[in-house]
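Inspection log for the structure reproduced underneath, given as structure tokens.
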Amino acid sequence: MNAVILESQGVMSYQEVPTPEPAPGHVRLRVEAASICGSDIKRFVSGHRMYPLILGHECSGTIDAVGVGVSADKVGAHAAVVPVVPCFECEPCHRGHYSACHSYSFIGSRQSGGFADYVELPLRNALIVPDELPFDHVALIEPSTVARHMLALADFQAGETAVVLGAGSIGLMIVQWLRILGASLIICTDISDDNLAVAHRLGAHMTLNPLRDDVVAAVRDLTGEGVDISLEAAGVPQTLLQTVSLTRPRGKVICGGNQPLNQTLPLAFIEDMMRRELTIIGCFMSYSAPFPGHEWTETVTALLDGSLDMDTMISHHFNLAQAPEVFARIGAHELVHRKIMLHPAGTVQ
């Protein structure tokens, strides 16, 4: 088969590699669509723990082969990749906290992923979906589940108010889930007017650009003391600091953006959080019991009823063979994009 190989930091190639055969209890997925995640870009630009590696965890396809112990009637089923592979034996797994598994693997990060013609994975990591769903939409189930998980951690209730900091892929998915779940006010911030226009199209009632808008003043004008929930999806220290001032006393801050590890926050952040008695909750991945979780089944339901708009999330389609060039352009800041879909030969829609 053909696959995109991350060979080292900033070095990626498209080459022929052995086609995997499914192990016992596993299936092989013929990839139809794979989306580029921000974490894939980070691994390309900044480096990764292991090489060579086939990246890609936001992907969909058709089961074309099964291993021993898997019913042959699974062949032909359409599925999304559920990328975390927990041990199901440790205490966090027994609690249903699969992202905290002591020895998890991860498709596209710790083992071969979906930037290839085929990907091999355990049966329970193949979320079988109705055939009527487009493969592009199915490939975006995983980022949707992250957004849904953030709102589950916040115990979000219909009628609450929220601000979403960052209108990248996860931020835009959060905006959509806030709309679907009945938020009374959705505010979205970003430094890109193009991203904010998309956020408005997907359901944000107000958009703010901190390069020209006083975000805190605008939110306070609308809400008085601040929103019920702030959701940090930018991974920027400045936005994380801002969440305290944007959130009402005894409100909640959900941290979903990956912050730079070489920066620090002033302790005034803790002081201000204490004075407002805020609850700050971290989010890592998107799973709950029973595996993979309600986040996944609810996303499928939202795709079927049309409430999740995946077409607006997608800005580009490329053949899989073009991936090295696409990553190089992204790394050089030459390609402005939202979700980019990669398609193995013969599957571009």
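The values are calculated or read from the model by the stated rules, or taken from the named source; none is laboratory data. Here the structure is a predicted model, which means the values were calculated and not measured. Methodologically, a virtual Cβ is constructed for each residue, glycine included, from the backbone with ideal geometry; neighbour enumeration extends over all protein chains shown. Only protein heavy atoms, including side chains, enter the accessible area calculation; ligands, DNA and RNA are left aside. Shrake-Rupley method; radii C 1.70, N 1.55, O 1.52, S 1.80 Å.
Listed values, structure above:
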{"item": "Nonlocal amide H pairs with residue 253, under 5 Å, H built at 1.01 Å", "result": "230, 279, 280, 281"}
{"item": "Space enclosed by the convex hull of the alpha-carbon atoms of the stretch 306-349, per residue, Å³", "result": "68"}
{"item": "Cα gyration tensor, the stretch 247-349 - rounded (a/c under 1.5), prolate or oblate", "result": "oblate"}
{"item": "Calculated over the stretch 40-102: convex hull of Cα atoms, volume per residue (Å³)", "result": "150"}
{"item": "Centroid-to-centroid separation of the stretch 295-349 and the stretch 201-270 [C-alpha atoms, Å]", "result": "27"}
{"item": "Heavy-atom accessible surface of the chain: percent carbon and sulfur, 1.4 Å", "result": "52"}
{"item": "Debye intensity ratio I(q)/I(0), log10, the stretch 81-123, q values 0.14, 0.30, 0.32 Å⁻¹ (C-alpha model)", "result": "-0.33, -1.00, -1.08"}
{"item": "Of all DSSP beta bridges in the chain, antiparallel share, percent nearest 5", "result": "55"}
{"item": "Where GluC sites (Glu not before Pro) fall in DSSP loop in the stretch 248-349, at most 15 other Cβ within 10 Å", "result": "277, 334"}
{"item": "The chain - percent relative contact order, Cα under 8 Å, separation 6 or more", "result": "18"}
{"item": "On Cα atoms only, tilt of 141-153 relative to the major axis of the chain in degrees", "result": "40"}
{"item": "Radius 15 Å from Cβ of residue 131, net charge of other residues (Lys, Arg +1; Asp, Glu -1)", "result": "-3"}
{"item": "Helix 294-305 vs. the chain, principal-axis angle (Cα, 0 to 90°, nearest 10)", "result": "90"}
{"item": "Average silhouette area of the stretch 98-230, convex hull of alpha-carbon atoms, in square nanometres", "result": "10.6"}
{"item": "The stretch 128-196: C-alpha gyration tensor shape, a/c 1.5 cut-off, then a/b vs b/c", "result": "oblate"}
{"item": "For q = 0.09, 0.10, 0.16 Å⁻¹, Debye-computed log10 I/I(0) when each Cα of the stretch 171-310 counts as one equal scatterer", "result": "-0.29, -0.36, -0.93"}
{"item": "Accessible area per residue in Å² at 1.4 Å probe, computed on the chain", "result": "42"}
{"item": "Under DSSP loop assignment and at most 11 Cβ neighbours within 10 Å, longest trypsin sites (Lys or Arg not before Pro)-free interval of the chain", "result": "213-349"}
{"item": "P(r), alpha carbons of the stretch 199-281 - 5 Å bins starting at zero, rounded %", "result": "3, 14, 23, 27, 21, 8, 3, 0"}
{"item": "Cut-off under 5 Å, modelled amide H: who pairs with residue 106 long-range", "result": "85, 111"}
{"item": "Gyration tensor (alpha-carbon) shape descriptor, the stretch 1-135, a/c threshold 1.5", "result": "oblate"}
{"item": "Cα-based helix-to-principal-axis angle, 169-181 vs the chain, degrees rounded to 10", "result": "70"}
{"item": "Table column - 3J(HN,Hα) (Hz), the stretch 36-49, Karplus curve with 6.51, -1.76, 1.60, x for Gly and Pro", "result": "7, 8, x, 5, 5, 5, 4, 5, 5, 6, 9, x, 9, 7"}
{"item": "Simple Cβ-charge dipole of the chain, Lys/Arg +1 and Asp/Glu -1, about Cα centre, in debye nearest 20", "result": "560"}
{"item": "For the stretch 1-64 and the stretch 122-148, distance of Cα centres in Å", "result": "17"}
{"item": "The chain - Rg (one decimal) and Dmax (whole number), Cα, Å", "result": "20.2, 62"}
{"item": "Label-point gap, in nm, between residue 30 and residue 345 - each point 7 angstrom along Cα→Cβ", "result": "1.4"}
